[in-house]
Each structure stands twice: as structure tokens, then as C-alpha cells.
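The values are calculated or read from the model by the stated rules, or taken from the named source; none is laboratory data. Keep in mind it's a predicted model, so treat the numbers as computed, not measured. Cβ coordinates were reconstructed from backbone atoms using ideal geometry, including for glycine residues, and neighbour counts include every protein chain displayed. Surface accessibility is based on the protein's heavy atoms, side chains included, excluding ligands, DNA and RNA. Shrake-Rupley method; radii C 1.70, N 1.55, O 1.52, S 1.80 Å.
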Amino acid sequence: MPSYDVIIIGSGPGGYVCAIRCAQLGLKTAVVEGRETLGGTCLNVGCIPSKALLHASHMLHEAEHNFAAMGLKGKAPSVDWKQMLSYKEDTIGQNTKGIEFLFKKNKVDWLKGWGSIPEAGKVKVGDDVHAAKHIIIASGSKVSTLPGVEIDEKTVVSSTGALELGKIPKKLIVIGAGVIGLELGSVYKRLGSEVKVIEFLDAITPGMDAEVQKTFQRTLKKQGIAFQMGAAVQGVEVKNNKAKVTFKLRKDDSEHVEDADTVLVATGRSPYTNGLELEALGVEMSKRGQIVTDGHYATTVKGIYAIGDCIDGPMLAHKAEDEGMAIAEILAGQKGHVNYNVIPGVIYTHPEVASVGQTEEQLKEAGIAYNVGKFSFMGNGRAKANFAGDGFVKILADKSSDRILGAHIIGPMAGDLIHEICVAMEFGAAAEDLARTCHAHPTYSEAVREAALACGDGPIHS
């Protein structure tokens, strides 16, 4: 029976990063993956392909709306949908092949097939059984749906189907105003679809800073995306490749019907542990279907651990990566740790939205006194030159110590700008520390410095 120090089930960001880190620390490592390619949901049907389409569709938007103002004259490009999908597939291929290369470089074995755990210390892949001192479950998550809504990946699609539609729909209805729905809704709006988002709650992107929520929704409306808030979807009927979406308004229980060529179900994701036979092993599961772990990622069965989307916490690729590195270090006798207070979240629309730490609403609820430093991108020279003046940077700092407690950005390159603040928070920095750090001019990052200045005596350019 082949034997390993560590066998990881799943090759998504949590699994593959964990495997490479284990190998770097001298542990004999294997990864179980049933897909034809490595990388899990993120690289194959999630983060990477969606960013390719977001980038391509944004380039189209720039050509249609901003090129002429910059003196770039000529006919706006037409959309070759098949070629755009080919570009997306090439992007996926480059990334998944990159993981294969990293596995070979680090001597990580790929056990091809779907895995199960017949008993602690053993992993079955097909007809083969492999022994391991430690088993790490990094099996990720699957699409969640709603009662009365059947996904066929043709007319009613999940995020997976939305990445490979046969044609660009004339009208797209998105069920759910979370990250996935708004990103893919943005793609198809730019490509010419009429897009309407139906959301159960009264605000988009649940859990986000309320001021950012309002600004973000207003910006998306300006871009032509329609919203129906406070609506509970009752069902979707498909006939002749067309869909009818029935929903009730929460405020008065009135029933309404909307027609669409395509319906995107973007109501979140749930842990994926199918086929692992965890209950039979005695692994404790939560009511939400998550694997229960302690502070060191150990399950209730000795020698079995879990990370990523299948355990508690935000379903983010980078959260899974950090957990993968942490458990690898723990198993190698080190002190692996993840600071869950400093995990950024990003939405890759245009403008981008990024956040880290606490929101104003959370600070108020906790009774923490704080200062707000805010700066608009309209005061940023680089943003104005690049038609990117929408949005702002907001920094929240403790009123007495000035320590940074959270930050919220809507604007150009928000997903990159947030990391300066993440680093500052990891070092326990004060807003003044950011404010006194020289920032290159002209850059978008100056808006971060100005927001930090606004926590004290005030910004310069506002």
C-alpha cells in the first residue's frame, strides 16, 4: 500500500497551496483530484475564467465609451463570442497547467480520481487504497439553488453555465445580488444583455459596509443594471428555451412574473463533501453541512483535518490558501496561524469593491468609538485622467489609539489597494502611520493616504 505523510483531498486553492507547502516542509505529499485538470472550482469554473470575461468585457466598455474622448477614433469593436470563450479557456489552461508544473517541481503526487476515506489513515481512489499519517479535506463547495428552481445549465444556469453560454442572451435575470451575480451580471451587461437582478434582501452584497452598498448599487444602476430588491423567487418555468421567473415582493406579498432568455442562479454556495463517507467515520458536521474543526483544523476524528469552503468562514480562495499553509506548518511542527480579522474581500466589477476588517455597523454594534477617514477618487489626479473618479476610500480607526480597525474601498484597482491596509493592520498600524508614509504621485494609492490623513487633521486634496 503506497504511504504518504499527507494526502489532501481536493486541488483547489486550499488543496494545491497546502500540498506545495507540505512538500516544501519535507512531508511526502499527494493530492486526490477527480477533475481532468487541477485547480478546483476557482481555476476551472470560478475566479479565473470570470476574471477573464470581466477583463474582456471591460475592454469593450472602454472602447465604446472612453476611447473617443482620448482621441482614439474608429469603429468600436464587435464581439466574437466564440473567440472570447476561447480566450477564457486559454486563460484556464495556462493556470491549470501551471499547477501541474508546480506539483512536479515540488514532487507532489497527483492521485487521479475521486476519493473517499474508508477509515482514518486511509484514502481510497478508484480501486486503490493509499495510507497517510494525515488526511486533509479540501473538497471545496458547490452551487446552492432554491426550491422550485431547477438548474439545467442551458436556460437556467449556475455560475458554471454562465461562463460558457452558447450565445449572449438578450435578457438575463440574475437571482441573488451577491459577488458572483453582480460580477457576471456586469459581464453580460457590457456585452449588450438587458440585465435585471432579483434579490431577497433590501441591500446588495450582504454584510458589506452600508455606505459602500448604497454607492455600489447606485453605480451599477448608472451602468444600466436593474434591481428588484425585497423579492422572494417562487420558481422558474422553462418553455421553448425561454424562462419565466415568478417572485413575490416581501413588502406586500404581491406576485410578479419576469421573462428572460437566461436565468443565472447566484444564491451562494454550500460545502461539498459528497462521497467522502464522513458521517460513517464519525466526523462531526454542522447543521449547514460544514465539517466541524478546532482551532488547528482538526476534525473530531484523529488524523483527519479540513480547510477551505467545507469548513466555517468566508468562502474565499485566499482564505483557503492561508488555511492550507497554516495546517501544513502545524503538521510540520511549526506554529501555523491565520488572522481571520485581516482577510480582504473583493468584487471585480468596475469600479472594484474591496474591504477588510470591521464595518461601521459592526463597530457601532460593538460599542467601539471610532474615527472615519474618507477620500473621494474625484480628488485623485490619476483617477480623473483615467475616467475612474467614481468611488472612495474609507478607513475606520480606533478613536483613542488610532489603530486601523477596517477599510472599505469602491474605485479603481480597489482589490490591489486594499492590501496596503491589510499589511498595516497585520502590524497593528495607526492611520497616522499610513498618512506619514510617502506615496508615489500620481497613483490611485494616494487616495488611501488621503483617507488616512482624513482620520486626523484632514486630507490635502479635499
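Things worth noting here:
- Normalised contact order of the stretch 71-132, rounded percent, pairs of Cα under 8 Å and 6 or more residues apart: 14 percent
- Stretching Glu119 away from Ala76 to a fully extended chain increases their span by 9.4 nm, per 0.36 nm per residue minus the current alpha-carbon distance.
- Per residue, in Å², the accessible surface of the chain once ligands and nucleic acids are set aside, probe 1.4 Å: 47 Å²
- Solvent-accessible area, 1.4 Å probe, carbon plus sulfur percent, for the chain: 51 percent
- If you plug the beta carbon distance of Tyr340 and Lys112 into 1/(1 + (r/R0)^6) with R0 = 30 Å, you get a FRET efficiency near 0.35.
- Measuring nothing but how far apart in sequence close Cα pairs (under 8 Å, 6+ apart) lie, relative to its length, the chain scores a relative contact order of 14 percent.
- Under 15 Å from the Ala210 label point (7 Å along Cα→beta-carbon), backbone N, the stretch 337-367: 359-367
- Here each label is just a point 7 Å from Cα along the line to Cβ, and for Ile368 and Asp294 those points are 2.8 nm apart.
- Ranking Val372, His318, Gly289 by how far each Cα lies toward the positive end of the dipole of the stretch 281-391 (charges on Cβ) leaves Val372 at the top.
- Projected-area mean, the stretch 1-137, by convex hull of Cα positions, square nanometres: 10.4 nm²
- Taking the Cα centre of the stretch 40-107 as origin and assigning +1 to Lys and Arg Cβ atoms and -1 to Asp and Glu Cβ atoms, the resulting dipole is close to 320 debye.
- Candidates Tyr4, Asn386, Phe103 compared by Cα position along the dipole of the chain: farthest toward the positive end lies Asn386, with charges placed on Cβ.
- Estimated FRET transfer efficiency when R0 is 25 angstrom, pair Ala131-Glu100 (beta carbons, to 0.05): 0.55
- The stretch 421-461 and the stretch 237-273 have Cα centres lying 44 Å from one another.
- Placing +1 on the Cβ of every Lys and Arg and -1 on the Cβ of every Asp and Glu, with no other charges, gives the chain a dipole of roughly 880 debye about its Cα centre.
- Pairs spanning more than 28 Å between alpha-carbon atoms, out of Lys73/Lys97; Lys154/Lys248; Lys222/Lys394; Lys142/Lys244; Lys107/Lys335: Lys73/Lys97.
- Placing a pseudo-label 7 Å from each Cα along the Cα-to-Cβ vector at Asn274 and Glu255 gives an inter-label distance of 3.2 nm.
- The stretch 110-180 versus the stretch 298-373: alpha-carbon centroid distance in Å: 22 Å
- Binning all Cα-Cα separations of the chain at 10 Å, short to long from zero, yields these whole-percent fractions: 4, 18, 26, 27, 19, 6, 0.
- Over the stretch 158-221: Rg over Rh, Cα atoms, Kirkwood Rh: 0.98
- Residue pairs exceeding 31 angstrom between C-alpha atoms, taken from Lys28/Lys287; Lys133/Lys287; Lys75/Lys171; Lys196/Lys251; Lys287/Lys319; Lys319/Lys364: Lys28/Lys287.
- Structural descriptor for the stretch 101-187: relative contact order 12 percent, calculated from alpha carbon pairs under 8 angstrom and at least 6 residues apart.
- The stretch 1-80 - charge dipole about Cα centre, Lys and Arg +1 at Cβ, Asp and Glu -1, debye rounded to 20: 120 debye
- Residue-span extension gain [Glu361 to Lys167] - 0.36 nm each, minus C-alpha spacing: 65.7 nm
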